[in-house]
Each structure stands twice: as C-alpha cells, then as structure tokens.
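Enquirer: Okay, handing you the structure first.
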Amino acid sequence: MKDEVTREERIDNLKGMGCSRKRVEDARFTQGKGNYVDDIKLDGMLFGDFVRSPYAHARIKSIDTAAALKVPGVLAVLTAADLEPLGLHWMPTLAGDKQMVLADGKVLFQGQEVAYVVAEDRYAAADGIEAVEVDYEELTVLVNPFESLQSDIILREDLVAEDGSIPAGAHGPRKHHNHIFTWDAGDKLPTEEVIANAEVVAEESMYYHRTHPCPLETCGCVASMDKVNGKLTLWGTFQAPHAIRTVVSLISGIEEHNIRVVSPDIGGGFGNKVGAYPGYVCSVVASIVTGKPVKWIEDRMDNLMTTAFARDYHMTGKISATKDGKITGLKCHVTADHGGFDACADPTKFPAGFMNICTGSYDIPTAYLEVDGVYTNKAPGGVSYRCSFRVTEAVYFIERMIEVLAIELNMDSAELRRINFIKKEQFPYTAALGWEYDSGDYHTAWDKALKTVDYDGLRAEQTKRVEDFKAGKTRTLMGIGLSFFTEIVGAGPVKNCDILGLGMFDSCEIRIHPTGSAIARLGTISQGQGHATTFAQILASEIGLPADSITVEEGDTDTAPYGLGTYGSRSTPVAGAATAMAGRKIRAKAQMIAAYLLEVHDNDVEFDVDRFIVKGAPEKFKTMKEIAFAAYNQAIPGIEPGLEAVSYYDPPNMTYPFGAYVCVMDIDVDTGVTEIRRFYALDDCGTRINPMIIEGQVHGGLTEALAVALGQEIAYDDMGNCKTGTLMDFFLPTAWEVPNYETDFTVTPSPHHPIGAKGVGESPHVGGVPCFSNAVQDAFRPFGNRHTNMPHDHWRIWKMANELGLHD
Amino acid sequence: MIPAAFEYYRPQDMAGVFAILQEHGDDARVMAGGHSLIPMMKLRMADVPHLIDLQDVGGMSDVTIVSHEVRIGAMVTQADIIDNTELTAVVPILREAALQIADPQVRYMGTVGGNIANGDPGNDMPGLMQCMDATFTLVGPNGERGVQARDFYEAAYITAREDDEILTAVTIPLHSGGYAYEKQKRKIGDYATAAAAVQITKDNGSCASAAIAMTNLSDTPVYSEAAGVALVGGTLDDTSLKASVAAMLNDIDPTEDNRGPIAFKKHVAGVILRRAIERAWSRT
Ligand SMILES: Cc1cc2nc3c(=O)[nH]c(=O)nc-3n(C[C@H](O)[C@H](O)[C@H](O)COP(=O)(O)OP(=O)(O)OC[C@H]3O[C@@H](n4cnc5c(N)ncnc54)[C@H](O)[C@@H]3O)c2cc1C
C-alpha cells in the first residue's frame, strides 16, 4: 500500500503534544451551551438557602422558625437542633478541625450559616429567611490574630477541656485557647546562629492580606436522594468529586457505592471549590428529609463572605548574607489567621501547605520556618487561590526579602538574584527546608528575561525619571518589578501527601473503540483549564490516534476512576502522567497485535507516530486504527480481545516549574493611580503540551495576580463586618484594567514525569503577585521605601508617597 | 440577592402613573432604567411593594436642541447621550461625562432622569447638571414646576422632588468656552473617588466665567461657586488654581470608605479639579 501522506502530515493530523490545538470546550461555552450546576433542573426540585449571622461573634439565645414556616412555599427550616440527632450539626474540615454546619449555640463569623430554609423556589426561600427570628447576644469580636492569641475570650469552647486545659489539636500541642497549631521546618538553632554571626542581615515584617478566589460561578449543589433505590446523587461545583464522595459517605453513613457525585461544567474554581461547605450537607439532609431534589446556590455576597478565603499571613523574616551578597540563612515566622474554623485545604501533614518552599529559587544553606495558626472571628478557609498550597505566600515572602536585602546591601536586586540562584548543575537540589527540586535552569531564564526587556536601559530611564521628579519636572515615578519564582506543584507523592487520609495519586482509564476512536476518563475535573483539549493531545502523541477522535470525560464518580481532583496545578503532573502511562499500556498491547498482524516478532516492530512499522521496512505497517479494529474483531492467540487500559499514578516527586517576570509601571504620586506599561512573563513549565492554552493560563494567572497586588482584598472592620462583600468593592479586574502581556518560555523538562511536563496554571499567579508589588515598591525605593504591604490600591499608594514626604 | 415580593405596573401614560402613586403613596416608586433601584431592592435596602415601570410612558425620550438650550427627556439613556452626535456638538461635556459612568451594559439601561432623581452622591449627572446650571422639570398631580439643579439636592437620597412628582426632563443652557469632566475611579464600573465638572470661558486671555461642581465628596453633589469665582479675572496661573482648589476644599465634606481616608480624598479632589480646570482652559 502506498502511503500518500508524509510523516510530517501524519504528525500534524494527530494534533498531539506541542500543537496549539483549539479548545474543544469553547464551542459550547461560547454558545451558552455549558451545563453548570445551576442549569440542572429536576422534577419537583426544591431550593434551600441560609439564614446567616449579621454578627461576627455572638451567642444564639433562640431561633424562632414559626413565622418562616407560614411563608407560602416554605416547607422546612433546619437548625442545628434538627441536625444534631443525625450527628450532622458539625462536620470535619479538610484540616483536621471540625466546623459547625449550622450554628450550634454561637456564631464565629459574619455570614455564618444559622438556619437552612427549604422552599419550593428560591424566592420563597428568600422570604422565609427574612421571617426566621434569631435572638443573638453579641460577644466581643477578635479580628486580629495577635490580639486573639493574647485574649481571655475563648472563641472555640468546644476545643477547651472542662478543667480549662487545652487539648492538642490535629497538628499537635496548642499554646492558647485561640491557637490552632505550630508547625515548623528546617533547623532553628543553626539558622539563628548563622544569622547572628552574619555580615549583613535584613529584617522585615509583611502582611499578605486576606483575599478570595472569587470564581465567576459561585459554589452550589443539587442533592437528590432516590428513596426507592437508596442512591444519593450529588451534583456540585466540586474540584475534587471523588474526595467529596468519600467524605459524604464517611459523615452520612451512606455506603460509597450508593453515592454518585457529579461535577458538571465548572465556572472557575481557583481553590474556592475544594472544601466541603455547610450548603452541601444541608442540601443532602433536606433531600433525604423531603424525598425531593434540593438545590443550593450561593449568591455573590455569600461566596465572598463565607466560602473559602485565601492568604491572611502575617510574615516576619530575617535574611543574612555576606558583604558581597551571598545569602547564608533565612528565617521566617508566620502568624496565620484561619478564621473561626480551621478549614484550610492542605495535605494532612502540611497545615501551612508548602510554605516551606520559601527559600525560593536560591541556594540558601540554612533556613528555618515556623507557622502559628490562629482562630479569629472571620470566615474559615485558607485555600490555595490559584497556587499550590500556600506557595503564593512563600514566593511573595522570599521575593520581598530579596528586595529588602538588596536595599540593605545597596545592590541591584537582579544581580543579587543571579548570584544566589541554584545552579543548573546542582539539580536535583535539596533545599534547606526539605524539598527536592527536580530540574531547573534559572540563569538562562533570568538572562533571557533581562535581555528581552533591556533591563539596563530601563534602570537608566528610571534614574533619569527620579532626577526629573526631584527637579519638579514630573509627578510620575517609574517602577521596575522583578520576580523569579519556583513553584512546587503536582501533589503529590502518596508517601507524604494525603487529604483526610486519601492519597494524592491520580488516574486515567482509556477505552479504544473498534473504529479507532477513544474515550479517556480521569480523576481530575476541569474548571476552565481545558483538560478535554490537552489530555487528548497527550494521548494522541502516546497512542497515535488523532486528538479529535478522543473524548475526555471527567467529574462523574460513577464512571471516572478514583482521583483527588484538580487544584494546586496537579492535573498535568499527576493525571497527565497517568494518562501517558495508560497510553503506554495501550501501546504495549498494540505492539503485540501489530507484530501478529505483520507476522513478525514483537521486538521487530516499532511505534512511528500513528502506526507500528516493521523495523527497517517502514512500508510494512499497521496503523493504530487498524490495530484497534483487529483488537476487537480478530482472534489473536494469547491476547485477550479489547483495547483498554487504566493507570493510577503516584508521582515519585513534585514538579518545580519556574519563571522570570518583569513589570514596568508608571505611578502618579498624587493620585496613586498606576499604569502598567509593560509586563514580560517567561515561564518554564517543562514540556509544553499546548502553547495556546499555556498562554491563556498565563494571562489568567497574571490578571488574578494584578488583582491581588493592586486592590483585591477581603477586609473587615473592628466589629468583624466584611467590608468587601460585593464586586463594587472587591476588585475583579476587567479587560479595561489589564495590560498587554508578553509571554515567553524556556523548556526544562521534569526528569521524573513521563512526558516531562510540570504544570503551569498557577505559576503566573505565584510569580505575578510579587512582580506587580515589587514594581510599586521599586518606584519608591529611591525615596526610602523598604517595604509596604499590599494591596497597592490608589489610596494606599498615595499614603506611601505621603509618608515618604512626596506631597508638599 | 432576591428582592421582597412586589407588584409590577407598566402604565401607558402619566395619568396612569399618578393614579398608582396616589393609591399606594409611600409604598409605590417609579423605576426608569432600574440600575440603581433594583440593586437596592435586591439588597433589601429599598422596600418597594408597588413598582411602577416608566418604560411605556411616552414623551420622555426626546432630545430637543434650540438656539440657547437643550432639553433632554428623563428617559434618555446614558448610551443615547454618548451616541447623539448633534447633542455632543453643542454640549460636549455630556458625552465626556457619560463615557465615565459605569460600563456599557449599565449605560444602555440607566437613564439621565434616574441618575438625577436618585439622589446618590455617587451619581455623576447631578454635579454635571449643577455645573451647567440645568433646570429640572417636575410634573405632579397639580402640574409642572422647574427646580434649579443647584437647589435640588438636600442630603443623600433626599431631593426637592415630592414623592408624587415625576422628573420629566432637564433643560441645559448652552455654554461657550471650554469644558472638562475629570473622574478618578478604582476600576471600570466604579463610582467616583472624586470627580470634577468644569465649564469655563475666556475673554481677552483671562477667565471670564467659571462653573465648578464636584461629585462623591459630600452627601450631595457640591456646586462650588467660590471655586469658580477664584478663577475669574485671572489667567489661570498657579496662584489662581491654588485659590480655586482651596475654595473647593472648603465646600466639600468627604467621608472615609473603601476608596480611602478623608485626607486622601481631599488631596485627590484637588488634583482632579486642577486637571479639569487645565483641560477646560486648554479647550477655550
Ligand atoms: C455596576 C454599576 C455601576 C454604576 N456606576 C455608576 C457611575 O459610575 N456613575 C453614575 O452616575 N452611576 C452609576 N451607576 C448608576 C447608574 O448610572 C444608574 O442607572 C442610575 O443611577 C439610575 O438610573 P436608572 O434609570 O437606572 O434609575 P432607576 O434605578 O430606575 O431609579 C433610580 C431612582 O430614581 C427614581 N427615578 C427614576 N426615574 C425617575 C423619574 N423620571 N422621576 C422621578 N424619579 C425617578 C427611582 O424611583 C429611584 O429611586 C452604576 C450602576 C451600576 C449597576
């Protein structure tokens, strides 16, 4: 048979790895044909919604539901008293704490769930909520974690023994009734010694403010208990559907095979949809009680004020160096404000996530990190907002400490970074705080970045600008923001990563159809990352069938293999690896079939793009399509019919993507208005599966970084009232506020990942926040700024200028 | 974010509006574009058991331009203002300001009348109307009257309009000279941190007249006569600009909120006014 297409064309036809294949999801999303939780409509479906506390700290003296039950359309009102007999008035959190499902005698944050009104529609539910009468006795509010640690006021009476002693928590001994845990890493005494004897030490305290992932689609679910077959179906905005199934089974007692959890299309997650929320539990209970499906959907204020926040880290650091800038030691202490319950979503052994990546991209011989978690009267959460567990905090910390050290040394911070980078030949590199970095080539990336932006030219321009400013010729300063980050993603090796005891492997199951198309099912769930596009590309390259002939399905626990879901940039490192490995199993079987069909020995055929060829005789081949057909329809001695494979992948290590970012900003000293003139982002995420999707992820992550650095926050007043509960005050940038981004890359594959890919969805956020912040701070460096906390919104920048005496 | 139950009316003429207003008194309210009122109802900060939609009441959507003034119907939307080239030719500041209100989606619905009648100090049209010395036409069951924009605002959400009166139109005298509407906001779609409306005329190289109004810096828009007077007769050198800013700062009374503390707002108000004056002057 004469082959008319060239090998190049055959490669192109697959649309495999490395090609900017258009997103297959977009046809439905751009035509309003997505299927989100709130699109689910079932016969007889009811709506549930919460009575929420107006107070941040109060005792509940009574709840009167009589008037609410009289509101037309209201069917039931659940309170903690109703859930208690089922043992469901409290639920376990992902961090080993427990959280009230409905207020059990008191409330600990504004917006806390107090009662759950079930009604025929959401309008009746809203009216029912108005009619529930709750008698509160206000208590003293603690919004500051440092005050909380000193206060006599006990926030969590449930965590204090009757004799007044304080039992240990999930992460060891607690120092005070409002203290949650102390967690540390590294060597304390040696680090202190190095710092005490150092030639130069820079010290700084910084507050990484509380913010929120704010996905466009809020959290919600539909619970449907079929009383005839005893099966519970739960549709929801879950970033980890299998984990939710297991948790629901554990707390409800319903056997796991009788629970089906489905994550339909999800409109963004960014960490907000990892945890378990009272809305899920109440909806399940309401469905069991009423025998009807029950829907719960947050509105924007519910989402911003009550479901998982991010950050809220008070960090103090010391960094030491030699006179010529070689870093010798790093010490970091964090006071972590976790709100009323510890509901952080972190692997069990890491109550502060991977904050111990805070030595960053630098060869720092000695380091010590200590984190204290504290209860306050704020909403619970502490999730990884577009980052791997607490990595944004870690990278912000080190990238600010580098700048502060550069000031102390009177040195250029680009150069300070360069002389301290871990060198290419040092990989795999074991950092002082324990992690083993898989691969990197930081110097090449840094040099490329600085050269592309003409760093020296920018500095010269900035010097000129400062002169002009001092001469009264301009009121605009120029800031050059630098950041170099190393992420730690792909949680993770089961030996050190689990959530609630569930190992953090992931999975892929592939079924090849007789005509040569396929379906792949994974344990992850896309929330906009484009898995249906990229995972098909991995498979196309591995098994030689066109990506367009491969369906990728996720999110239904009845059909998908068990996996831990999508967050922390783990999908490509873990499920992507499982996909490649499952593909290789398919290929191994295909090789035997091909050899049989070609009448040669197994070892005499080799894989070539979309076929197996006889070694040395490429005109003799069987395409994967032909092989698939034969697998089902031809009796092959010694080989089972069918062509399927499943792989559960437990990664040997994390992956460590990195990048070099530069931001050039102009700042109006009088109004605090910033203008981003240029943003350059070089990302190294290892092997690149789909450059277009990478670019999209980088744009999205940078935009969320801009938001956090320049204004996005969850702020409270002294009474614990949330001041930023709507999108008027919570900054969500639009196309208008976003600059043009220049993207670039280097490729340093991960040595342990089957295809060398590292994950990219979160890198731009992790690297972006310090870059934007450093640009602001750099503009004021010539006038004496050392460190100023984010967010850098107009008035805070104005304040910075004002305090530096730049207004007359 | 679900409003309390309400009755919805869509009368076809003014008589129908008055009949409902009379029957339900305080419990009834008119709605124009709904982009201030509906959010308040959803937050349950406004309770409107009887909601009267003005969309089908005719006669309030015209823009009439005559030699010395323009008359803009209350139901003309902010988007209409932006698109109306004839209007822009004679009152360019209207378009400059409308483009800085909210975002395109809101501007397609939000009306000039609603923006003016609302009484929210954050609205941009009131200060603009004060700067241009507009007159508001109010029609009630007992007839029609005109109120000067500069006399209309009493406190936040409290205006000279009686509950049973409808704002039907605004009349704006035509100005010669330069103009500017300068606004600082945190992001697209945001209300002003500070905004300034300036109309200015020049005669023989010096300032002949100046009208200045400020937005979102008090519980009402602030027409600062003194700030305008400070410019008249001068050539807008640094001294007169400073005097004008100082006079304006005397008239405003900002409060602290998420946009920033009082000292910041005052500082920005001064910067914004200065820029507005300079831009207006450059256009004379
Ligand atoms: C996201 C967002 C951002 C916004 N940003 C800005 C901004 O930057 N600047 C700004 O100025 N505005 C802003 N607005 C408000 C917007 O411009 C509103 O549309 C406007 O304030 C009100 O116009 P409306 O036609 O929607 O009035 P409605 O909401 O219908 O009514 C407002 C009030 O006026 C009364 N009313 C309306 N018409 C009449 C009438 N003819 N006679 C008597 N009473 C009447 C109503 O009873 C009600 O009390 C924003 C709104 C949103 C939702």
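The values are calculated or read from the model by the stated rules, or taken from the named source; none is laboratory data. All values derive from a computational prediction rather than experimental measurement. Please note: Cβ atoms are built from the backbone with ideal geometry, for glycine as well, and neighbour counts cover all protein chains shown. To get the accessible areas, we keep the full protein, side chains included, count just its heavy atoms, and leave off ligands, DNA and RNA. Shrake-Rupley method; radii C 1.70, N 1.55, O 1.52, S 1.80 Å.
Enquirer: Filter region A:685-703 for residues that are part of a loop (DSSP other than H, G, I, E, B) and open to solvent by less than 40 Å² (accessible area, probe 1.4 Å); which is farthest from the other protein chains (Cβ to nearest Cβ)? Can you show your working first?
Expert: Initial filter on region A:685-703 (part of a loop (DSSP other than H, G, I, E, B)): A:685, A:687-690.
Still in the running and open to solvent by less than 40 Å² (accessible area, probe 1.4 Å): A:685, A:687, A:689-690.
On the way: A:685: 30, A:687: 37, A:689: 34, A:690: 31 Å.
Going through the qualifying residues, I end up with A:687.
Enquirer: Right, another one. Hey, can you tell me all the residues within region A:364-412 that are surrounded by 24 or more Cβ atoms within 10 Å (Cβ to Cβ) and of a type in the set (Gly, Ala, Ser)?
Expert: Pass one, region A:364-412, residues surrounded by 24 or more Cβ atoms within 10 Å (Cβ to Cβ): A:364, A:367-369, A:371, A:373-403, A:405.
Of everything in region A:364-412, those that are surrounded by 24 or more Cβ atoms within 10 Å (Cβ to Cβ) and of a type in the set (Gly, Ala, Ser) turn out to be A:367, A:373, A:379, A:381, A:382, A:384, A:388, A:394.
Enquirer: Might you check whether a residue that is within 10 Å of the ligand (Cβ to nearest atom), open to solvent by less than 10 Å² (accessible area, probe 1.4 Å) and touching a residue at least 12 places away in the same chain (Cβ under 8 Å) occurs anywhere in region B:142-152? It would help to see each step written out before you state the result.
Expert: First pass over region B:142-152, keeping only residues within 10 Å of the ligand (Cβ to nearest atom): none.
No, that holds for no residue.
Enquirer: What do you reckon, is residue A:130 more than 33 Å from the chain's Cα centre (by Cα) and open to solvent by 60 Å² or more (accessible area, probe 1.4 Å)? Spell out the reasoning first.
Expert: On the way: more than 33 Å from the chain's Cα centre (by Cα): yes; open to solvent by 60 Å² or more (accessible area, probe 1.4 Å): yes.
The answer is yes for residue A:130.
Enquirer: Suppose the filter is within 22 Å of the chain's Cα centre (by Cα), open to solvent by less than 60 Å² (accessible area, probe 1.4 Å), under 26 Å from residue B:276 (Cα atoms) and within 14 Å of chain A (Cβ to nearest Cβ); does residue B:78 pass it?
Expert: Values: within 22 Å of the chain's Cα centre (by Cα): yes; open to solvent by less than 60 Å² (accessible area, probe 1.4 Å): yes; under 26 Å from residue B:276 (Cα atoms): yes; within 14 Å of chain A (Cβ to nearest Cβ): no.
Considered against the rule, which asks whether it is within 22 Å of the chain's Cα centre (by Cα), open to solvent by less than 60 Å² (accessible area, probe 1.4 Å), under 26 Å from residue B:276 (Cα atoms) and within 14 Å of chain A (Cβ to nearest Cβ), residue B:78 comes out as no.
Enquirer: Sticking with this structure for a sec: Within region A:286-310, which residues are more than 26 Å from the chain's Cα centre (by Cα) and open to solvent by 10 Å² or more (accessible area, probe 1.4 Å)?
Expert: A:288, A:289, A:290, A:291, A:292, A:293 - these are the residues of region A:286-310 that are more than 26 Å from the chain's Cα centre (by Cα) and open to solvent by 10 Å² or more (accessible area, probe 1.4 Å).
Enquirer: Inside region B:17-41, can you point out the residues that are more than 6 Å from the ligand (Cβ to nearest atom), open to solvent by less than 60 Å² (accessible area, probe 1.4 Å), out of contact with any Phe, Trp or Tyr (no Cβ under 8 Å at 6 or more places or on another chain) and β-branched (Val, Ile, Thr)?
Expert: B:17
Enquirer: Residues to consider are A:479, A:457, A:492; find the one that is touching a Phe, Trp or Tyr at 6+ places or on another chain (Cβ under 8 Å) and either open to solvent by less than 10 Å² (accessible area, probe 1.4 Å) or within 16 Å of residue A:663 (Cβ to Cβ) (or both). Walk me through it before giving the result.
Expert: Working: A:457 fails: touching a Phe, Trp or Tyr at 6+ places or on another chain (Cβ under 8 Å); A:492 fails: touching a Phe, Trp or Tyr at 6+ places or on another chain (Cβ under 8 Å).
When all the criteria are applied, what remains is A:479.
Enquirer: A follow-up question, please. Any idea which residue in region B:81-90 is most open to solvent (accessible area, probe 1.4 Å), counting only those that are in contact (Cβ under 8 Å) with a residue 24 or more places away in the chain and away from the ligand (no atom under 14 Å from the Cβ)? Reasoning before the result, please.
Expert: If we filter region B:81-90 for residues that are in contact (Cβ under 8 Å) with a residue 24 or more places away in the chain, which is where we start, we get B:81-82, B:87, B:90.
Remaining after also requiring away from the ligand (no atom under 14 Å from the Cβ): B:87, B:90.
Working: B:87: 2, B:90: 51 Å².
Looking at residues that are in contact (Cβ under 8 Å) with a residue 24 or more places away in the chain and away from the ligand (no atom under 14 Å from the Cβ), I get B:90.
Enquirer: Okay, moving on. Taking residue B:191 as the residue in question, decide whether it is within 12 Å of the ligand (Cβ to nearest atom), under 15 Å from the mean Cα position of the chain (by Cα), open to solvent by 10 Å² or more (accessible area, probe 1.4 Å) and at pLDDT 95 or above. Spell out how you get there, then give the answer.
Expert: Details: within 12 Å of the ligand (Cβ to nearest atom): yes; under 15 Å from the mean Cα position of the chain (by Cα): yes; open to solvent by 10 Å² or more (accessible area, probe 1.4 Å): yes; at pLDDT 95 or above: yes.
So residue B:191 passes the test.
A quick yes/no check of all residues on (1) in a strand (DSSP E or B); (2) open to solvent by 30 Å² or more (accessible area, probe 1.4 Å); (3) closer than 21 Å to residue B:190 by Cβ; (4) among the small types (Gly, Ala, Ser):
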| residue | (1), (2), (3), (4) |
| --- | --- |
| B:51 | yes, no, no, no |
| B:93 | no, no, yes, no |
| B:97 | no, no, yes, yes |
| B:102 | no, no, yes, yes |
| B:105 | no, yes, yes, no |
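Enquirer: From A:718, A:666, grab the single residue that is surrounded by fewer than 24 Cβ atoms within 10 Å (Cβ to Cβ), more than 30 Å from residue A:755 (Cα to Cα), of a type in the set (Asp, Glu) and more than 14 Å from every other protein chain (Cβ to nearest Cβ). Please lay out each step first, then the result.
Expert: On the way: A:718 fails: more than 14 Å from every other protein chain (Cβ to nearest Cβ).
Matching residue, one of A:718, A:666: A:666.
Enquirer: Right, another one. If only one of A:749, A:657, A:764, A:733 is open to solvent by 20 Å² or more (accessible area, probe 1.4 Å), modelled with pLDDT of 95 or more and away from the ligand (no atom under 16 Å from the Cβ), which one is it? Reasoning before the result, please.
Expert: Values: A:657 fails: open to solvent by 20 Å² or more (accessible area, probe 1.4 Å); A:764 fails: open to solvent by 20 Å² or more (accessible area, probe 1.4 Å); A:733 fails: away from the ligand (no atom under 16 Å from the Cβ).
When all the criteria are applied, what remains is A:749.
Enquirer: Which one of these does residue A:201 not meet: (1) open to solvent by 10 Å² or more (accessible area, probe 1.4 Å); (2) under 30 Å from residue A:791 (Cα atoms); (3) within 14 Å of chain B (Cβ to nearest Cβ)?
Expert: (3)
Enquirer: If you check every pair at least six apart or on different chains, which have Cβ atoms under 6 Å apart with a residue in region B:96-122 that is over 17 Å from residue B:169 (Cα atoms) and in the same structural domain as residue B:75 (by TED's automatic domain parsing) first and a residue that is near the ligand (Cβ under 6 Å from one of its atoms) and at pLDDT below 95 second?
Expert: Partner pairs satisfying both residue conditions: B:102/B:189; B:103/B:189.
Enquirer: From the residues in region B:1-40 that are among the small types (Gly, Ala, Ser) and not in a loop (DSSP other than H, G, I, E, B), which one is farthest from the other protein chains (Cβ to nearest Cβ)? Outline the logic, then answer.
Expert: Kept after step one, since they are among the small types (Gly, Ala, Ser), are these residues of region B:1-40: B:4-5, B:15-16, B:19, B:25, B:28, B:32-34, B:36.
Those still in the list that are not in a loop (DSSP other than H, G, I, E, B) too: B:15-16, B:19, B:25, B:28.
Working: B:15: 32, B:16: 27, B:19: 28, B:25: 23, B:28: 20 Å.
Ranking the candidates gives B:15 first.
Enquirer: Pick from A:706, A:682, A:710: which is more than 14 Å from chain B (Cβ to nearest Cβ) and touching a residue at least 12 places away in the same chain (Cβ under 8 Å)? Working first, answer last.
Expert: Working: A:706 fails: more than 14 Å from chain B (Cβ to nearest Cβ); A:710 fails: more than 14 Å from chain B (Cβ to nearest Cβ).
The unique qualifying residue is A:682.
Enquirer: Then there's this: Are any residues in region A:533-588 within 27 Å of the chain's Cα centre (by Cα) and in a strand (DSSP E or B), and if so, which ones?
Expert: Across region A:533-588, the qualifying residues are A:551, A:552, A:553, A:554, A:556.
Enquirer: Now for a different question. Quick one: how many residues across region B:55-72 are surrounded by fewer than 21 Cβ atoms within 10 Å (Cβ to Cβ), within 13 Å of residue B:172 (Cα to Cα) and within 15 Å of the ligand (Cβ to nearest atom)?
Expert: To start, the set of residues in region B:55-72 that are surrounded by fewer than 21 Cβ atoms within 10 Å (Cβ to Cβ) comprises B:55-56, B:58-59, B:61-69, B:71.
Add one more test, that the residue is within 13 Å of residue B:172 (Cα to Cα), and what stays is B:63-69, B:71.
With within 15 Å of the ligand (Cβ to nearest atom) added as a condition, the list becomes B:71.
Adding up the residues that qualify gives 1.
Enquirer: Sticking with this one: Can you give me the number of residues within region A:465-498 that are at positive phi and of a type in the set (D, E, K, R)?
Expert: Of the residues in region A:465-498, 0 are at positive phi and of a type in the set (D, E, K, R).
Enquirer: Next question, about the same structure. State yes or no: is residue A:436 more than 24 Å from the chain's Cα centre (by Cα), assigned by TED's automatic domain parsing to the domain that holds residue A:367 and open to solvent by 10 Å² or more (accessible area, probe 1.4 Å)? Before you say what the answer is, go through the steps one by one.
Expert: Numbers: more than 24 Å from the chain's Cα centre (by Cα): no; assigned by TED's automatic domain parsing to the domain that holds residue A:367: yes; open to solvent by 10 Å² or more (accessible area, probe 1.4 Å): yes.
The answer is no for residue A:436.
Enquirer: Hey, another quick one. Exactly one of (1) without any contact (Cβ under 8 Å) to a residue 12 or more places away in the chain; (2) closer than 27 Å to residue B:2 by Cα; (3) among the polar types (S, T, N, Q) is unmet by residue A:53. Its number?
Expert: (1)
Enquirer: Still on this structure, I have one more. Identify, from the list A:644, A:675, A:626, the residue that is within 14 Å of chain B (Cβ to nearest Cβ), open to solvent by 60 Å² or more (accessible area, probe 1.4 Å) and modelled with pLDDT of 95 or more. Steps first, answer last, please.
Expert: Details: A:644 fails: within 14 Å of chain B (Cβ to nearest Cβ); A:626 fails: within 14 Å of chain B (Cβ to nearest Cβ).
Every option except A:675 fails the conditions.
Enquirer: A follow-up question, please. Within region B:111-139, can you find the residues that are more than 14 Å from chain A (Cβ to nearest Cβ), within 13 Å of the ligand (Cβ to nearest atom), open to solvent by less than 10 Å² (accessible area, probe 1.4 Å) and not polar (S, T, N, Q)?
Expert: Those that are more than 14 Å from chain A (Cβ to nearest Cβ), within 13 Å of the ligand (Cβ to nearest atom), open to solvent by less than 10 Å² (accessible area, probe 1.4 Å) and not polar (S, T, N, Q): B:112, B:113, B:116, B:119, B:124, B:125, B:126, B:127, B:128, B:129, B:136, B:138.
Enquirer: Please enumerate the residues belonging to region A:504-524 that are open to solvent by 10 Å² or more (accessible area, probe 1.4 Å) and either within 16 Å of residue A:561 (Cα to Cα) or assigned to a strand (DSSP E or B) (or both). Quick ask: steps written out before the conclusion?
Expert: Filtering region A:504-524 for residues open to solvent by 10 Å² or more (accessible area, probe 1.4 Å) gives A:505, A:509, A:511, A:513-515, A:517, A:519, A:521.
Within region A:504-524, A:505, A:509, A:511, A:519, A:521 qualify.
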